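Inspection log for the structure reproduced underneath, given as structure tokens.
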């Protein structure tokens, strides 16, 4: 049996078969949907959204620790972070915990 006609047929059929397979798979998958946000925080300019979705006061420069501050950062600002991880990360790290 001559293999040239089979190869020619395979070159014609395989790309179309692959395209049909992908099209059917895409159609069965359905439309993509966005995952809704758990928290729709609308923080002010003096706040940031933490990992819990809560608005937290941004680090603040002050001569003494402001009410609610949790740490003094390496650059002298005070952090109001609610979690140790990431506290003062852009402010020289934690100098000391309050």
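The values are calculated or read from the model by the stated rules, or taken from the named source; none is laboratory data. None of these values were measured; they are calculated from a predicted model. In this analysis, Cβ positions are derived from the backbone assuming ideal geometry, glycine residues included, and neighbour counts consider all displayed protein chains.
For region 69-97, which positions are buried (at least 19 other Cβ atoms within 10 Å of the Cβ) and either within 23 Å of the chain's Cα centre (by Cα) or in a strand (DSSP E or B) (or both)?
71, 72, 73, 77, 78, 79, 80, 81, 88, 91
Do you know which residues across region 1-45 are loosely packed, with under 10 Cβ neighbours inside 10 Å, closer than 30 Å to residue 78 by Cβ and modelled with pLDDT of 70 or more?
Listed by number, the residues that qualify are 42, 44, 45.
For the list (1) over 19 Å from residue 85 (Cβ atoms); (2) touching a strand residue (DSSP E or B) at 6+ places or on another chain (Cβ under 9 Å); (3) modelled with pLDDT of 90 or more, I need the number of the one condition that residue 63 fails.
(2)
Among the residues of region 66-89, write down those that are in contact with a strand residue (DSSP E or B) (Cβ under 9 Å, 6 or more places away or on another chain) and farther than 19 Å from residue 52 by Cβ.
Result: 66, 72, 73, 74, 75, 76, 77, 78.
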